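Worksheet: one structure, shown below.
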Amino acid sequence: MIILTKRPKNFSVKTLIKYSAIAFCLSTKTVATSFSISHSNTFRTSTSTSATRSQTRVLKSSTNPLFIHRGGSLLSTLKMSTTASEKETKAPTTTGEKLAALRSKMVELNIDAYIVPSDDPHLSEYVPEAYMRRRFLSDFGGSAGTAVVFQEEANLFTDSRYHNEASSALDMDHWTLMKQGLPKVPTLTKYIADKALEKYESSGKVFRVGIDPFVHAASFEKDLMDAFNTALAKSDVKDAVIGEIDTLDNEGNLVDKVWGTDRPPVPTSPFRVHPLEFAGKSVVDKVQDIRDEMEDNKATLSIFSALDDIAYLFNVRAKGDVDTCPVGIAYGTITKDEVTIFCDEAKLTSDEVKQHFKDSGVTVKPYDDIISTVKDHLASTDDAKVWIDKTRSNYALSRLIPEKSLMDKQNAVTPMKACKNKAEMEGMKRAHIVDGAAMANFIAWLENTIVNEGRSVSEVEIDKVLTGYRAEQPGYIEDSFPTIAGVGPNGAIIHYRAKEDSGIMKYLDTKNPILIDSGGQYTYGTTDVTRTWHFGEATPEFKENFTRVLKGNIGVDTMIFPTGTPGFVLDVFARKSLWEAGLDYGHGTGHGVGAALNVHEGPHSISPRFANKEPMKKGMVVSNEPGLYEDGSFGIRIENLLECTYVLNEDNDAYDKGLQEGDEGYPEKEVGKKTFLRFNKLTMIPIQKNLIDVSLMTVEELDWLDAYHQEVFDKVSPLLEKDTPAYEWLSKSCEKIERS
């Protein structure tokens with residue numbers, strides 16, 4: 001064990017990371033690194049020797065060997081396998097058995113807590129099954145949430161979107177649900193820090209936290225260390241190390257050892273070219289824009305880890321690596337001389353893709369070479385400056401970069417991807433029109449089945465039939481996320497997924513409402529829409545609630561605001577009518593959406609969380625989805641996707657031409673005069689009129705509704721045959737609302 005007890009000059013967390021990198025590189029063996037910070041800034045690093053080299057594959061490196069496994073550890077084997085373990089073992093089947101097996105390994109490694117996030121090595125929201133370790137361990141499959149296992153307890157931390165789902169999924173004999181966002185529920189890092197302080201005060205021993213560095217954001221280490229320091233500062237303990245992180249580089253991911261041979265393989269779905277007519281900008285042009293920014297920031301290497309960043313940058317898509325997300329597992333880098341994509345060779349089965357990369361000047365390297373490439377670049381010059389967004393990169397990758405060479409800021413792809421160009425926006429508009437045609441066919445079928453035939457329909461059948469109607473549309477590839485079809489009380493489960501064997505699946509009839517949140521991935525665009533339907537007679541209370549949700553949707557939709565306005569400023573308009581009745585909802589109002597990409601995209605959002613200060617910009621697509629939920633009774637949500645655009649056409653024309661302020665031809669503004677933004681509706685699906693309490697609506701709101709329905713009919717009806725059930729349903733649904 002190496003212990004540095006002398007306080008380095010100008011010591012900081014960043015210095016800590018630098019020293020850890022030095023210690024790592026000095027070793028001729030692979031080491032497991034543990035960081036610990038005390039109130040007096042004592043720095044500790046623990047080491048352990050590696051396993052035999054025969055169990056690993058050595059990467060090319062200019063200095064010392066480094067080992068990498070997809071989602072495993074720096075030492076795990078590189079080959080695509082279903083297990084990180086040497087032994088051919090089958091996974092235990094019960095929650096208790098899984099936790100017992102994990103705890104046994106924790107005891108062996110002297111680990112007090114082991115953290116299991118929902119992430120893959122690219123910090124994706126939705127991950128391949130091979131990386132669904134938290135779901136394997138806890139049975140909770142929501143896209144957000146982190147499990148932490150102690151010797152005496154196991155906790156799952158998740159936000160309000162998943163409180164109901166997690167409550168149903170977890171075995172409460174073994175798990176405790178930590179409902180983030182509720183009063184007196186601590187953050188995960190605070191909870192662990194409090195445990196660390198408790199242990200130190202009772203035994204004087206350091207609390208050891210185990211993590212897999214490939215599935216934690218680069219920023220997590222600092223967050224947890226800050227929590228340790230905060231807990232220590234509020235205690236009577238002084239000059240002590242109460243907690244440390246062990247990245248367990250010799251071990252791999254501990255959950256994989258429990259999962260054994262039952263762990264699915266990492267997917268290698270082939271790439272397909274995303275045509276220029278839909279991308280709107282070539283790879284060469286995107287790279288040049290990034291290099292211009294790199295030159296401005298004196299960066300010598302840019303690293304891209306997020307899968308949607310990779311898909312956008314290289315104008316490729318894939319189907320199968322991540323369900324409902326058209327991305328492929330890969331990394332990317334750019335220097336002044338080279339553009340590189342790191343992926344499995346199985347992803348290059350298409351000659352069109354190979355030629356696309358060749359024509360775009362893209363070098364293809366093995367997925368695992370990302371580590372050695374970064375190391376070689378750092379070793380090649382004393383002036384290396386690596387641009388990486390630590391919030392979108394894993395810790396195993398970012399810790400290679402010494403502080404003097406690090407540029408940690410939002411990468412250049414993120415804002416490019418968020419602000420759609422003209423071709424991308426045209427594709428999004430087209431996708432929503434065909435999606436409207438699919439929904440017209442579907443709701444016409446559903447209403448006829450429920451009302452005229454008198455047959456109740458299961459949530460699972462609703463999901464399948466809706467997907468079938470979408471699949472009939474030109475360019476359809478797959479759904480953009482798992483359909484949420486919640487009847488009655490299931491509508492209150494924010495991210496509910498109907499399953500026939502779940503025990504809670506319900507059938508829709510005329511007595512209960514249904515909330516349907518769904519979307520499609522088309523070759524040219526991505527959709528996401530929520531509607532609440534009732535094919536019987538809704539209660540006055542339900543109609544009032546529905547109307548207040550609708551008023552919130554209209555409130556956001558009709559906003560005009562100056563450039564530079566962050567999304568949280570708009571959030572209040574979605575909640576105003578609900579607040580007036582003492583009501584609210586626990587999720588954000590809007591998220592960004594990709595163009596033929598992920599249905600959830602940053603950096604912008606509309607949310608009460610003030611931390612996201614990203615301003616709304618021309619070309620952004622954002623959802624507008626206020627809701628209201630009553631546990632055990634119903635869920636209401638009305639969601640449209642919106643295009644953020646300038647109020648003045650001259651500003652929009654300049655944007656489409658690629659002009660920026662100061663360029664010749666850019667519209668001149670009077671001194672002090674601001675540029676304003678507004679929204680255009682993308683979603684083209686009617687809102688059920690007989691659920692609206694007209695007495696609560698203003699004249700302007702009713703005018704908005706009539707105008708919207710006229711737009712829907714004008715754009716969608718040409719795709720439907722006259723005298724068909726779908727056309728008749730659309731025509732009736734888009735008639736002007738009765739105002740008395």
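The values are calculated or read from the model by the stated rules, or taken from the named source; none is laboratory data. Given the structure is predicted, the values throughout are model-derived calculations rather than measurements. Glycine also receives a Cβ, built like all others from the backbone with ideal geometry; neighbour counts cover every protein chain displayed. What goes into the accessible areas is simple: the full protein's heavy atoms, side chains included, and nothing from ligands, DNA or RNA. Shrake-Rupley method; radii C 1.70, N 1.55, O 1.52, S 1.80 Å.
Key figures for this structure:
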quantity: Amide hydrogen neighbours beyond the local backbone of residue 178, cut-off 5 Å, H modeled; calculated: 156, 157, 158
quantity: Rounded accessible area of residue 568 (nearest 10 Å², 1.4 Å probe); calculated: 50 Å²
quantity: Label-point separation, residue 472 to residue 276 (7 Å along Cα→Cβ), nm; calculated: 3.6 nm
quantity: Region 277-397 - percent of accessible surface contributed by carbon and sulfur, probe 1.4 Å; calculated: 42 percent
quantity: Distance between modelled label sites at residue 152 and residue 584, nm, 7 Å Cα→Cβ extension; calculated: 3.5 nm
quantity: Solution diffusion estimate, µm²/s, Stokes-Einstein, region 317-453, Kirkwood Rh from C-alpha pairs, 20 °C, viscosity 1.002 mPa s; calculated: 114 µm²/s
quantity: The chain: angle of helix 369-380 to the longest principal axis, Cα-based, in degrees nearest 10; calculated: 60 degrees
quantity: Distance histogram in 10 Å bins (all Cα pairs of region 444-546, percent per bin); calculated: 15, 45, 32, 8, 0
quantity: Gap separating the Cα centres of region 506-533 and region 103-149, nearest whole Å; calculated: 30 Å
quantity: With eigenvalues of the C-alpha gyration tensor scaled by 5 and rooted, region 104-246, Å; calculated: 26, 17, 15
quantity: Per-pair calculated FRET efficiency, R0 = 35 Å: residue 499 and residue 453 via Cβ, rounded to 0.05; calculated: 0.90
quantity: Cα long-axis angle, helix 283-297 against the chain (0 to 90 degrees, to the nearest 10); calculated: 60 degrees
quantity: Beta bridges per DSSP with both ends in the chain, % antiparallel, nearest 5; calculated: 75 percent
quantity: Under 5 Å, built H, 5+ apart or other chain: amide partners of residue 605; calculated: 567
quantity: Spatial extent of region 244-362: Rg and Dmax, with the Cα atoms as the point set, Å; calculated: 17.0, 51
quantity: Extension reserve of the residue 668-residue 129 stretch, reckoned as 0.36 nm per residue once the Cα distance is removed; calculated: 188.8 nm
quantity: Electrostatic dipole magnitude of the chain [Cβ: Lys, Arg +1; Asp, Glu -1; Cα centre; debye, to 20]; calculated: 2380 debye
quantity: Accessible area per residue, Å², region 585-713 with all protein chains present, probe 1.4 Å; calculated: 42 Å²
quantity: In degrees, nearest ten, helix 13-26 long axis to first principal axis of the chain (Cα); calculated: 60 degrees
quantity: Paramagnetic label zone (point 7 Å from Cα along Cα-to-C-beta, residue 139; backbone N under 14 Å) in region 490-505; calculated: 501-504
quantity: Zero-based 10 Å bins, Cα pair distances in region 526-586, whole percents; calculated: 18, 43, 30, 8, 1
quantity: Residue 317 accessible area, assembled protein chains, probe 1.4 Å, Å²; calculated: 10 Å²
quantity: Global geometry of region 670-740, whether rounded, prolate or oblate, following the gyration tensor of its Cα atoms and the 1.5 cut on a/c; calculated: oblate
quantity: Surface share of carbon and sulfur [accessible, 1.4 angstrom probe, percent] for region 406-545; calculated: 47 percent
quantity: Residue-by-residue Karplus 3J(HN,Hα) for region 501-518, coefficients 6.51, -1.76, 1.60, Hz, glycine and proline x; calculated: 9, 6, x, 10, 4, 10, 10, 8, 9, 7, 8, 10, x, 9, 9, 10, 10, 8
quantity: Reciprocal of mean inverse Cα separation for region 412-504 (Kirkwood radius, Å); calculated: 15.5 Å
quantity: Estimated distance in nm for a label pair at residue 296 and residue 355, the labels positioned 7 Å out from Cα along Cα-to-Cβ; calculated: 3.6 nm
quantity: Rg in Å to one decimal, and Dmax rounded to a whole Å, for the chain via C-alpha atoms; calculated: 26.7, 84
quantity: 298, 576, 385, ranked by accessible area, largest first (probe 1.4 Å); calculated: 298, 576, 385
